[in-house]
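A.B. asks: Quick one: structure below, then a few questions.
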Amino acid sequence: MQRYVDKLISGYVALLTVAMVLPTVVVLIASLTPREYLAFPPGGLSFRWYGAVFESGVWMSALWVSIRIATLVTIAALLLGIPAALALRAAKSRISATLQAVFLSPLMIPSILIGLGLLRFFDEMHVRPSVATVAIGHTLLATPYVIRYVLAGLAGVDPALERAAGILGAGKWRTFSKVTFPLMRHGIVAGALFSFIISLDDVNIALFLSDIRVVPFSVKLMSHVEQNADPLGAAVASVLVLIALAVLFVCDRIAGIDWMFGIKGSRHE
Amino acid sequence: MQRYVDKLISGYVALLTVAMVLPTVVVLIASLTPREYLAFPPGGLSFRWYGAVFESGVWMSALWVSIRIATLVTIAALLLGIPAALALRAAKSRISATLQAVFLSPLMIPSILIGLGLLRFFDEMHVRPSVATVAIGHTLLATPYVIRYVLAGLAGVDPALERAAGILGAGKWRTFSKVTFPLMRHGIVAGALFSFIISLDDVNIALFLSDIRVVPFSVKLMSHVEQNADPLGAAVASVLVLIALAVLFVCDRIAGIDWMFGIKGSRHE
Amino acid sequence: MSLPLTSQVFLEVEDLALSYGKSAFGLAGASFSARKGEVIALLGPSGCGKTTLLNLIAGFLVPDHGSIRVAGRSLRGVPPHRRDMAMVFQNYALFPHLSVEKNVAFGLEAHQVPRQEREPRIADALAMVGLSDSRTRYPRQLSGGQQQRVALARAMVVRPSILLLDEPLSNLDTLLRKSMREEIRQILDRTGITAVLVTHDQEEALVVADRILLMSNGKIEQIGTPEEIYERPRTEFGARFMAVENIMAGSVCSGDTAGTTVNTAIGQFKCTPCDVVTGANIKIAVRPERMHIVAATSGSQSYENRVTGRVVRSTYHGTYRRLLIAVHGMELIVHAPVSSDDSEYSGDVQLTWRPADTHVLLQ
Amino acid sequence: MSLPLTSQVFLEVEDLALSYGKSAFGLAGASFSARKGEVIALLGPSGCGKTTLLNLIAGFLVPDHGSIRVAGRSLRGVPPHRRDMAMVFQNYALFPHLSVEKNVAFGLEAHQVPRQEREPRIADALAMVGLSDSRTRYPRQLSGGQQQRVALARAMVVRPSILLLDEPLSNLDTLLRKSMREEIRQILDRTGITAVLVTHDQEEALVVADRILLMSNGKIEQIGTPEEIYERPRTEFGARFMAVENIMAGSVCSGDTAGTTVNTAIGQFKCTPCDVVTGANIKIAVRPERMHIVAATSGSQSYENRVTGRVVRSTYHGTYRRLLIAVHGMELIVHAPVSSDDSEYSGDVQLTWRPADTHVLLQ
């Protein structure tokens, strides 16, 4: 009986796994077609469409714009989010709960609205679309994630450890740099990872805050696939996935990714 | 000294709070303009553009499509996500960590890619765009959130409680319904909330998987604001926010929202 | 090691084993039995397998081999909820979302006790632990001691055939722990229930149990009544665990049914009788409170075993004074009664103890 | 309640208070002082304010009023890291991301001890706790007892002026707790450090401390040496907490410097002298192990206070037998030595105890 249930669960989990990765796999395979149209099965194997992406000045400059934006966003979101998380942790629990709700509210708000709101705001201020305006929009989107992950990282830091550092002679800064920071590092890395990828993938906000002179990669991808069904779009989307995987790999080197996916606790518990 | 730091932190937190809610507030206020064009400050106060939304058959049918999709997505994501989370919890920690990474991977994948992949897949299968195709796309996006929140909810359920129920004579089903479920309820409600709102707000996937006969609210909003700068778009975006708030309110009634925003633990700890 | 089967045997555990890796701590072939109404303590240090054994009895773990029988019926394949047992958990495991009365009612509902029968049984159980006034409160509103009582009431109310207790008192303060163990003993006596108690606390086992299984490294070291376990440890582990702190290596000089004589580094001592051949290397053990101090100068009452030593350190423990005494390079621990004149516990002293308190240990 | 100021006074706490709400448990005007090298135990049940007092001394909490002085210098406004103290935490609070040696080195680096001086001090500290072989291991790889030792080494290595210990042994097994408290006492003795120990365990306080502050409800109930606290409890709380289980209400019959005579429901008893007026309602307390059984028939040695009763229950505790004895409707607890013939502890017995063991309690 128990064995039967175990098999059922295994089967179910396997099925769900396939469903989850299916779209990605379809696009990755389709992007390798040698044909002129998007085909699945691809009917061959070729890097021809990747070549087209990497040889195109327009696509490469869009990619460069996106990477610049994502880097700015990551830095800004960390600079805003880490102190906010530390303040929330120190605050009384009632105040903290309210502020957490406020800070995390962008998770609940349609990104179109954030784009629209900032567009109006920048218009009023006579600020012209640029890498910076897109980055500001994405930072609003990314900061809640940083706060969330850093708070989760801090939750694993027993305050007794900071007291122990204090009574052993460590001032606030030494306590933070030698005890708190190393123990919450995972949270910061996870926040940075998500910030980067959110910025890289966003279309809705970038659409409002960029213009013809500043076209991020994902916006260009969106407008491309809206008008064309060629394999170039699949190749571009695959490039996005590959960049995400590269960033993930770097983060894994720094802090171990098992932690990011949640629940099962940090390695230091 | 300490007081000075406290004030600095308070000020910083206040500033960040303003920045976070700024775009939303700008749009909400701008949507109340009586004028023909999107103005901030609005130069008056009127529900004229809301009237225009609610009196328009096109907008209302789009809203109805969205709500149907979001409801389907919520149900499907819960049906898929809850058993997956239970299986992940029961699995050995090494297997579980790997599977969690797989299940949560859609969080890392650009939604454009998911849309593109499913579009190709449905094309191959000769499935025509419908409410169901959009719902399937959103379910792929929403299920990882459900798994994540339900796992977080389960993390607060001490396995000793389930053993206690068992030795007191409760079979597997009674133990689940009387002990595990009530204690993980928050996680389920949070997962449902996020599923609903993700579906309501998504544009990228819906764009690929819908067609002219099935236009979700947010897709219609996107195409509207791409072409018009009138206050109607602001009013529509505000309606989305109001729906999100309404759902949030319902969830709060069911399970208390303080829990959703994370970290500070459930009321039963 | 199991008792002979009699008509009274109620719980029988035979050669029960679980390899390390399947549980945090393994168990290697444990056998014992309990009569109806008997309270058995599984006593040992952390990691000795006592909790594994309890979880096997409860059905939370499945043994590699061996059998468990209750009233002659094998429990192989029977899930926990059909074993007709109840358990008090170390952290109480009260349902946090249910009130005290709902916690207690849980088992009655699960066992489908008729509705009209439930109320009086809940009232009785809560009265038994003195918590009739706290019915509508929630576990988080209770102190540790009160939570402990609710856990006990919740387990007892289902009238289990066997009650399992997993370190039920380890989360309580010293004082509360002492009074709760008396109370638990009385409740067990009054209800005549068969119980298995897991504990790492020697005194708790002595006070609560009818019989003690002393465990170490996944094995049963000794089974016996509290008196047997305390007074006659059979192995060095048992002696150390029961706080017999003076253990000396020696060789057997002579032995008959009246007693054994053993040569040690600090002299020749008379011991309890045992079947060890002359010349064998063995260890002997003497409890600190069974060694008596006689001031070197006085000629007061003394026993057959005697050595002279020097007090190295003396600590006050309230009921007794703990003395570290150097005897020819060996250190002995003596617990001496606190007297108004502690000067007799300094300098050179004579130590004396009875042969009956000098135990030969199995290697 | 504070000792007279002498040149030796090192730590002085005066009227220190923190209202409930600012900390989990409040503290109402505590005063005491400690001489250089003295070990003070803050003893009391959970919630009595002992940990609050320790955290105030450490500087983790800021008092509402009152002062703390070390060697004459006020610590008002001095943050924890400038107090030149060290602390051993209840859960050890070892840095999980640092190896054992890095944990121990932490305080030396924070205090900017020159690099060449650190290595020998780390080696000494680890040798002191017997962990020289575990330098490169991480806290999670150590047993509870080893973690405890690392915490001690980490605190001692900085040579603090005052060592604070917050329930350092409460997470250990009974047997390990007993041996660790001896070891801690020896390390404190050897280093001559001034220490404040928080504990809820009576015997731990008796063994480790030079003086004990008995606390209850945020107040100091009694300050004294282990002997004073154990032998001469002054309040009913103190008596109960120190396991003086026989407490009887009565009224004073007569009294002089030689002793007091008190009338109780079960007879008239001679007590220790005290300044209570004749006729006053008071309570008297006698420790269970200071009541002696004389079989009703025999004529063996007995003391001035005497009653006759009936053994209701007898439990075996190894070192002693705990007897519940009914005396004219009152129940007395007696801890009697375990004898080979326990039959004398049943039926009607005569109880006897010394006036010196009969304490009059302050109301």
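A.B. asks: What number of residues within the range C:163-218 are in contact with a Leu (Cβ under 8 Å, 6 or more places away or on another chain) and among the charged types (D, E, K, R)?
C.D. replies: Total satisfying the criteria: 5.
A.B. asks: Suppose we keep only residues that are assigned to a helix (DSSP H, G or I) and surrounded by fewer than 24 Cβ atoms within 10 Å (Cβ to Cβ) within the range B:145-157. Which one would you say is farthest from the other protein chains (Cβ to nearest Cβ)?
C.D. replies: B:TYR145
A.B. asks: Of all residues in the range D:63-103, which are at the interface with chain A (Cβ under 10 Å from one of its Cβ atoms), assigned to a helix (DSSP H, G or I) and touching a helix residue (DSSP H, G or I) at 6+ places or on another chain (Cβ under 8 Å)? I'd like the intermediate steps shown before the answer.
C.D. replies: Of the residues in the range D:63-103, the ones at the interface with chain A (Cβ under 10 Å from one of its Cβ atoms) are D:79-98, D:102-103.
From the residues that got through so far, the ones that are assigned to a helix (DSSP H, G or I) too are D:80-82, D:102-103.
Residues satisfying the conditions are D:PRO80, D:HIS81, D:ASN103.
A.B. asks: So for the range A:179-186 (the condition being in contact with an Asp or Glu (Cβ under 7 Å, 6 or more places away or on another chain) and in contact (Cβ under 8 Å) with a residue 40 or more places away in the chain), does at least one residue qualify?
C.D. replies: no
A.B. asks: For the range B:6-41, what are the residues that are more than 20 Å from A:ILE109 (Cβ to Cβ), modelled with pLDDT of 80 or more and within 10 Å of chain A (Cβ to nearest Cβ)?
C.D. replies: The one that is more than 20 Å from A:ILE109 (Cβ to Cβ), modelled with pLDDT of 80 or more and within 10 Å of chain A (Cβ to nearest Cβ): B:TYR12.
A.B. asks: So in the range D:221-237, with the set limited to residues that are touching a residue at least 60 places away in the same chain (Cβ under 8 Å) and either part of a helix (DSSP H, G or I) or not assigned by TED's automatic domain parsing to the domain that holds D:PRO45 (or both), which one is farthest from D:ILE325 (Cα to Cα)?
C.D. replies: Residue satisfying both the conditions and the ranking: D:ILE229.
A.B. asks: Within the range C:58-73, track down each residue that is modelled with pLDDT of 95 or more and exposed (fewer than 14 other Cβ atoms within 10 Å of the Cβ).
C.D. replies: Of everything in the range C:58-73, nothing turns out to be modelled with pLDDT of 95 or more and exposed (fewer than 14 other Cβ atoms within 10 Å of the Cβ).
A.B. asks: Given the criterion at pLDDT 90 or above, part of a helix (DSSP H, G or I) and among the aliphatic types (A, V, I, L, M), identify the matching residue among B:ILE112, B:ILE75, B:ILE95.
C.D. replies: After ruling out the rest, the residue left standing is B:ILE75.
A quick yes/no check of all residues on (1) surrounded by fewer than 20 Cβ atoms within 10 Å (Cβ to Cβ); (2) not aliphatic (A, V, I, L, M):
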position: C:VAL207; (1), (2): no, no
position: C:GLY250; (1), (2): no, yes
position: C:CYS253; (1), (2): yes, yes
position: C:ILE266; (1), (2): yes, no
position: C:PRO273; (1), (2): yes, yes
position: C:VAL276; (1), (2): yes, no
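A.B. asks: Could you check how many residues of the range D:109-123 are exposed (fewer than 14 other Cβ atoms within 10 Å of the Cβ) and either touching a residue at least 12 places away in the same chain (Cβ under 8 Å) or of a type in the set (D, E, K, R) (or both)?
C.D. replies: So the answer is 3.
A.B. asks: Within the range B:247-262, is even one residue in contact with a helix residue (DSSP H, G or I) (Cβ under 9 Å, 6 or more places away or on another chain), within 14 Å of chain C (Cβ to nearest Cβ) and not aliphatic (A, V, I, L, M)?
C.D. replies: Yes, that holds for at least one residue.
A.B. asks: Would you mind finding the one in C:VAL104, C:VAL150, C:VAL100 that is out of contact with any Lys or Arg (no Cβ under 7 Å at 6 or more places or on another chain) and among the β-branched types (Val, Ile, Thr)?
C.D. replies: On the way: C:VAL104 fails: out of contact with any Lys or Arg (no Cβ under 7 Å at 6 or more places or on another chain); C:VAL100 fails: out of contact with any Lys or Arg (no Cβ under 7 Å at 6 or more places or on another chain).
Criteria check complete, one pass: C:VAL150.
A.B. asks: Residue by residue through the range B:104-144, note down the ones that are more than 10 Å from chain A (Cβ to nearest Cβ) and more than 25 Å from A:PRO231 (Cβ to Cβ).
C.D. replies: Matches in the range B:104-144: B:SER130, B:VAL131, B:ALA132, B:ALA135, B:HIS138, B:ALA142.
A.B. asks: Out of C:LEU175, C:LEU188, which single residue is farther than 24 Å from C:GLY29 by Cα, touching a helix residue (DSSP H, G or I) at 6+ places or on another chain (Cβ under 8 Å), without any contact (Cβ under 8 Å) to a residue 12 or more places away in the chain and buried (at least 16 other Cβ atoms within 10 Å of the Cβ)?
C.D. replies: Working: C:LEU188 fails: without any contact (Cβ under 8 Å) to a residue 12 or more places away in the chain.
Within the list C:LEU175, C:LEU188, the selection yields C:LEU175.
A.B. asks: Here is a list: C:ALA93, C:ALA28. Which entry is surrounded by fewer than 23 Cβ atoms within 10 Å (Cβ to Cβ), in contact with a Lys or Arg (Cβ under 8 Å, 6 or more places away or on another chain) and in the same structural domain as C:LEU126 (by TED's automatic domain parsing)? I'd like the intermediate steps shown before the answer.
C.D. replies: Working: C:ALA93 fails: surrounded by fewer than 23 Cβ atoms within 10 Å (Cβ to Cβ).
The conditions single out C:ALA28.
A.B. asks: Can you tell me which residue among A:ILE69, A:ILE82, A:ILE75 is within 14 Å of chain B (Cβ to nearest Cβ), β-branched (Val, Ile, Thr) and either more than 14 Å from A:LEU154 (Cβ to Cβ) or out of contact with any strand residue (DSSP E or B) (no Cβ under 7 Å at 6 or more places or on another chain) (or both)? Give the steps one after another, and end with the answer.
C.D. replies: Values: A:ILE69 fails: within 14 Å of chain B (Cβ to nearest Cβ); A:ILE75 fails: within 14 Å of chain B (Cβ to nearest Cβ).
Answer to the selection: A:ILE82.
A.B. asks: With of a type in the set (S, T, N, Q) and without any contact (Cβ under 8 Å) to a residue 60 or more places away in the chain as the only criterion, which of A:SER111, A:SER96 stands out? Even if it seems obvious, please write down each step before you answer.
C.D. replies: Details: A:SER111 fails: without any contact (Cβ under 8 Å) to a residue 60 or more places away in the chain.
Exactly one residue qualifies, and that residue is A:SER96.
A.B. asks: Another question, then. Tell me, which strands (runs of 3 or more DSSP E) wholly within the range C:254-323 include 1 or more residues that are of a type in the set (S, T, N, Q)? Break it down into steps so the answer makes sense when it comes.
C.D. replies: On the way: elements: C:259-264, C:267-271, C:281-286, C:292-295, C:305-316.
Per the criteria, C:259-264, C:267-271, C:281-286, C:305-316.
A.B. asks: Could you say whether any residue in the range D:221-228 is buried (at least 24 other Cβ atoms within 10 Å of the Cβ) and closer than 13 Å to D:LEU42 by Cβ?
C.D. replies: Of the residues in the range D:221-228, the ones buried (at least 24 other Cβ atoms within 10 Å of the Cβ) are none.
No: the range D:221-228 contains no residue that is buried (at least 24 other Cβ atoms within 10 Å of the Cβ) and closer than 13 Å to D:LEU42 by Cβ.
A.B. asks: So for the range A:42-63 (the condition being among the aliphatic types (A, V, I, L, M), over 23 Å from the mean Cα position of the chain (by Cα), within 13 Å of chain B (Cβ to nearest Cβ) and in a helix (DSSP H, G or I)), does at least one residue qualify?
C.D. replies: Checked the range A:42-63: no residue is among the aliphatic types (A, V, I, L, M), over 23 Å from the mean Cα position of the chain (by Cα), within 13 Å of chain B (Cβ to nearest Cβ) and in a helix (DSSP H, G or I).
A.B. asks: Go through (1) modelled with pLDDT under 90; (2) over 17 Å from the mean Cα position of the chain (by Cα); (3) surrounded by fewer than 20 Cβ atoms within 10 Å (Cβ to Cβ) for B:ALA132 and report which single condition fails.
C.D. replies: That leaves (1) as the condition not met.
A.B. asks: Give the residue that is nearest to the other protein chains (Cβ to nearest Cβ), with candidates limited to residues of the range A:181-226 that are acidic (Asp, Glu) and part of a loop (DSSP other than H, G, I, E, B).
C.D. replies: Pass one, the range A:181-226, residues acidic (Asp, Glu): A:201-202, A:211, A:226.
Going one step further and asking which of them are part of a loop (DSSP other than H, G, I, E, B), we end up with A:202, A:211.
Numbers: A:ASP202: 9, A:ASP211: 13 Å.
Among those residues, the one meeting the criterion is A:ASP202.
The values are calculated or read from the model by the stated rules, or taken from the named source; none is laboratory data. Keep in mind that this is a model prediction, so the values were computed, not measured. Cβ: placed from backbone, ideal geometry, glycine included. Neighbour counts: every protein chain shown.
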